[in-house]
Amino acid sequence: MSQGRSIRVLVVDDSLVMRSLLRLVLGTEPRITVAGSASNGESALRAIDEVHPDLVLMDIEMPGLDGLEALRRIRVLNRRLPVIMCSTLTRRGASVTIEALALGASDYVTKPEGASTREEALQQLAAQLVPKVLALTAYAVAEPPSVASKPLPVVQSLPRQTGYAPPKVVVLGISTGGPAALDQVLPALPADFPLPILLVQHMPKFFTRLLAERLNQRCKLSVSETIEGEPVIPGHIYIAPGDHHMEVVTGPYSSNRVPILRITQGPPENHCRPSVDVLFRTAVAVYGPSVLGVIMTGMGSDGLAGCHGIRKAGGTILAQDEASSAVWGMPGCVVRAGIADRIISLNGMAVEITRFITNIEAARPRKLAG
């Protein structure tokens with residue numbers, strides 16, 4: 001593909017009105033072209049062969065072959081083709097969307113709700129959809145060299161404090177492509193994993209609770225959406241609730257000096273709530289150098305400032321590699337800043353996290369080649 005050409009999107013929805021709305025939204029970005037449209041899963045599969053899109057934008061609930069079954073068939077034929085699902089901001093919509101994301105959907109957008117005018121609905125959709133289309137197709141249309149084939153543009157990072165402290169907590173930040181990645185990493189952790197895992201996944205309300213419920217069924221460790229004031233205990237995975245920051249605190253807010261989790265609705269950071277930076281920053285304030293930070297697939301730069309804080313305090317940072325990330329935004333920023341101790345594929349992430357926790361000598365950070 002030649003650099004700078006239009007991004008070709010296939011729009012799949014059984015509603016003519018919704019297809020028209022999506023076409024208008026995508027038309028607001030000159031780099032995007034609607035290459036075709038389809039009204040159900042069967043016609044979508046045929047259209048993929050005919051128009052060769054860079055990305056598929058697909059409704060979930062359609063007559064005949066629905067979005068979930070169409071997604072399953074797309075993933076058999078093409079593992080890497082980005083697919084964004086259109087969802088509703090309801091418990092039912094969230095439940096089906098979580099399933100779609102676990103099946104390999106790249107991301108989702110929620111259909112406009114509460115918009116008083118067509119123009120407002122267009123603005124709501126455009127704010128969600130256009131950045132995701134651009135991010136998910138950036139490598140498809142530009143074909144940049146991979147990290148493995150070129151030197152990393154390392155920036156001088158903040159100095160690390162001397163010494164090395166064994167980790168006491170794992171903090172994990174993830175966004176676009178996250179549910180499918182978590183579905184692979186977290187169930188692979190052993191039942192005797194000795195530390196708490198605090199996790200921020202960028203998602204709205206309803207979605208995070210259902211994500212936690214699904215992971216709890218699949219993981220050897222207990223997984224739950226965080227509630228205000230609960231203690232941080234080993235062997236448990238805590239997921240920040242949608243539209244709320246998750247903070248780690250001690251002192252007058254906790255009992256017996258056991259850190260607890262606070263749920264707040266402070267201002268968004270990096271346009272995100274929950275924010276990875278909020279979690280990482282407060283974890284460092286409580287655990288100091290004993291933080292193992294993990295930054296995985298996601299759009300934007302949320303988590304970069306938090307990783308700088310972990311690094312400065314003497315903690316350790318693992319970053320997902322470019323090849324296995326749906327979008328190498330969040331981990332890419334950390335790697336380019338020169339503060340990732342190791343860059344790891346999705347397949348190796350659970351093994352490497354466990355190795356850091358259970359074999360401290362083998363897990364001592366190695367300096368990246370620069």
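The values are calculated or read from the model by the stated rules, or taken from the named source; none is laboratory data. The shown structure was predicted, so the numbers you read here are calculated from the model rather than taken from an experiment. Cβ atoms come from the backbone with ideal geometry, glycine included; neighbour counts cover every protein chain shown. Accessible surface is based on the protein model in full, side chains and every heavy atom, while ligands, DNA and RNA are left aside. Shrake-Rupley method; radii C 1.70, N 1.55, O 1.52, S 1.80 Å.
Put simply, of VAL34, VAL76 the only residue that is without any contact (Cβ under 8 Å) to a residue 24 or more places away in the chain, open to solvent by 10 Å² or more (accessible area, probe 1.4 Å) and either in a helix (DSSP H, G or I) or among the aliphatic types (A, V, I, L, M) (or both) is VAL76. Within the range 212-235, residues that are on the phi < 0 side of the Ramachandran plot sit with their Cβ atoms under 8 Å from residues that are surrounded by fewer than 13 Cβ atoms within 10 Å (Cβ to Cβ), at 6+ positions apart or across chains, in these pairs: LYS220/ALA191; LEU221/ALA191; PRO231/SER255; PRO231/VAL258; VAL232/VAL258; ILE233/VAL258; PRO234/PRO194. Would you call GLY306 modelled with pLDDT of 95 or more, closer than 19 Å to HIS244 by Cα, touching a Phe, Trp or Tyr at 6+ places or on another chain (Cβ under 7 Å) and crowded, with 24+ Cβ neighbours inside 10 Å? Yes.
Per the conditions (1) within 30 Å of LEU26 (Cα to Cα); (2) at pLDDT below 80; (3) open to solvent by less than 50 Å² (accessible area, probe 1.4 Å); (4) in a loop (DSSP other than H, G, I, E, B), the sole criterion not satisfied by GLY114 is (3).
For the range 188-207, which positions are open to solvent by less than 20 Å² (accessible area, probe 1.4 Å), at pLDDT 95 or above and under 24 Å from ASP107 (Cα atoms)? Result: ILE197, LEU198, LEU199, VAL200, GLN201. When the range 117-139 is filtered for residues that are of a type in the set (Lys, Arg) and crowded, with 17+ Cβ neighbours inside 10 Å, only LYS132 remains. Any chance the range 138-147 includes a residue that's within 22 Å of THR297 (Cβ to Cβ) and modelled with pLDDT of 95 or more? No, the range 138-147 has no match at all. Condition (residue is modelled with pLDDT of 95 or more, open to solvent by less than 10 Å² (accessible area, probe 1.4 Å) and among the hydrophobic types (A, V, I, L, M, F, W, C)) applied to the range 263-270: is it met by at least one residue? No - not one qualifying residue is present in the range 263-270. Scanning the range 310-351 for residues that are farther than 28 Å from ARG79 by Cα and under 19 Å from the mean Cα position of the chain (by Cα) gives a single hit, ILE317. Out of ARG281, ARG262, ARG257, one residue alone is charged (D, E, K, R), part of a strand (DSSP E or B) and either touching a helix residue (DSSP H, G or I) at 6+ places or on another chain (Cβ under 7 Å) or closer than 19 Å to PRO196 by Cβ (or both). It is ARG262.
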